[in-house]
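The values are calculated or read from the model by the stated rules, or taken from the named source; none is laboratory data. Quick caveat, the model's predicted, so the values are computed rather than measured. Here the Cβ is made from the backbone with ideal geometry for all residues, glycine too, and neighbour counts use every protein chain on show. These area figures cover heavy atoms from the full protein model, side chains too; ligands, DNA and RNA do not enter into them. Shrake-Rupley method; radii C 1.70, N 1.55, O 1.52, S 1.80 Å.
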Amino acid sequence: MSRVHNFSAGPAALPLDVLETIRDDIPDWEGTGMSVMEVSHRGKDFVALAARAEANLRKLLTIPDDYAVLFTQGGATLQMSMVPMNLASPKDTVDYVVTGSWGKKAAGEARKFCSVNIAADASDQNFTYIPDESAWQRSDNAAYLHLTPNETIAGVEFHFLPSGDTTLIGDLSSTILSRPIDVSRYGVIYAGAQKNIGPAGITVVIARNDLLERAPANLPHLMTWKAYAESDSMTNTPPTFAWYVADLVFRHLQKLGGLGAMGAINERKAQKLYAAIDASDFYSNPVREDCRSWMNVPFILADASLDGRFLEGSAAAELTNLKGHRSVGGMRASIYNAVPEAAVDALIDFMAEFERTNG
Ligand SMILES: Cc1ncc(COP(=O)(O)O)c(C=O)c1O
């Protein structure tokens with residue numbers, strides 16, 4: 001068996017442990033004589049899996065009892081529409097802090113449903129920083145304030161949460177489960193699965209119960225969070241395989257010591273990679289130091305004509321998916337939970353050697 005070090009931004013690496021369990025489970029899942037893909041989502045075995053997944057996610061994130069945990073489809077992108085659909089009426093104003101491409105996209109979706117106030121926008125510096133909170137232009141009566149706590153493309157992350165009591169909505173797609181968070185600071189959290197949760201196809205929404213009541217009555221059933229809450233996320237046939245893998249990942253994280261343990265590892269991984277970049281004139285990271293992401297580390301080579309050679313060399317060294325997003329250029333190492341510290345060490349060694357031979 002040969003496994004590479006996979007720095008993909010998503011769909012991203014999954015823990016080997018989990019992949020091996022999947023392999024062993026495929027023909028006969030939990031003694032059913034069937035794979036998990038072949039059983040009814042309403043059968044007792046799958047219903048038990050769904051309950052366990054929710055319980056484990058609640059434990060991992062210490063989700064308060066007055067929050068619903070929903071498993072939906074449509075990715076984080078559909079939630080960018082479902083947030084305004086469920087929380088705002090056409091006469092409402094909602095605030096968005098735009099610190100990257102995903103937040104910009106979310107604001108664009110909200111404009112279809114209500115008035116959007118861009119409270120802050122970091123596009124003036126190519127999304128390399130988070131505007132100081134004191135300069136945000138928030139509305140007086142916003143129905144909510146939307147943030148993207150980790151912007152996956154530019155690698156910009158909030159290391160604080162805004163003040164005030166406006167309902168906070170967070171797209172945590174690329175940071176959820178990377179460390180402990182205070183769920184109670186948010187009204188709604190949403191996250192596509194394909195970074196730290198499991199395979200693409202399932203989306204986690206964590207919503208405070210009172211917010212489920214705000215949706216207009218004419219909203220299509222599947223667009224309504226309350227419908228998922230009332231049906232244990234079995235509103236229609238759910239993505240059972242993705243749900244099954246998410247359950248395995250949650251159990252795997254518990255075994256590793258939970259999010260406190262993951263946070264310590266993730267911080268160390270990120271710090272050593274940034275330290276290596278900062279120590280060199282050959283590589284640089286354009287993001288302001290106090291808002292660098294622990295999960296997505298973009299870096300550019302001083303001589304961009306070497307990009308192709310870097311990517312070829314790194315792939316040959318079994319370090320894959322390092323090409324940066326086209327809007328940023330250069331490289332990006334996504335170092336989610338399932339990317340081991342050894343992969344980061346191997347990348348740092350490769351970078352040093354590449355600099356030595358090409359610098
Ligand atoms: C922060 C963030 N939000 C939203 C998305 C879009 O997610 P999806 O493809 O699940 O709709 C992504 C991309 O993967 C992302 O990184």
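Counting 0.36 nm for each residue step from Asn141 to Leu161 and taking away their Cα separation leaves a gain of 5.3 nm.
Given R0 = 41 Å, the distance between the Cβ atoms of Met223 and Glu289 translates into a calculated FRET efficiency of 0.55. Of all lysines in the structure, the ones whose alpha carbon falls short of 19 Å from that of Lys104, not counting any fewer than 8 places away in one chain, are Lys112. With protein chains left intact and a 1.4 Å probe, residues in the chain average 42 Å² of accessible area per residue. Average projection, convex hull of the Cα set of the chain: 18.3 square nanometres.
Which peptide among 325-331, 352-358, 127-133, 102-108 comes first, and what is the full order, when sorted by highest mean count of other Cβ atoms within 10 Å?
Listed from highest to lowest mean packing, they are 102-108, 127-133, 325-331, 352-358.
Mark the label point 7 Å from the Cα of Thr357 along Cα→Cβ and return the residues of the range 296-313 whose backbone N is within less than 12 Å of it. Correct set: 309-313. Of all aspartates and glutamates in the structure, the ones whose alpha carbon falls short of 20 Å from that of Lys105, not counting any fewer than 8 places away in one chain, are Asp92, Asp95, Asp121, Asp124, Glu151, Glu157, Asp171.
All other residues whose Cβ lies under 14 angstrom from that of Gly260 are scored, Lys and Arg at +1 and Asp and Glu at -1, for a net of +2.
Only lysine pairs 8 or more places apart, or on different chains, with alpha-carbon atoms under 24 angstrom apart are counted in the range 188-304, and they number 4. Shown is the FRET efficiency for Asp303 and Ala279, computed with R0 = 25 Å from the Cβ-Cβ distance and rounded to the nearest 0.05: 0.90.
Hydrodynamic analysis of the range 74-160 uses the Kirkwood radius over alpha carbon pairs. Inserted into Stokes-Einstein at 10 °C and 1.306 mPa s, it gives a translational diffusion coefficient of 122 µm²/s.
If I take R0 = 25 Å and measure r between the Cβ atoms of Asp132 and Val183 in this structure, what FRET efficiency does the formula 1/(1 + (r/R0)^6) give, to the nearest 0.05? That gives a FRET efficiency of 0.45.
Among Asn266, Asn141, Asn321, the largest mean-square fluctuation in a Gaussian network model of the chain (Cα springs under 10 Å) belongs to Asn141.
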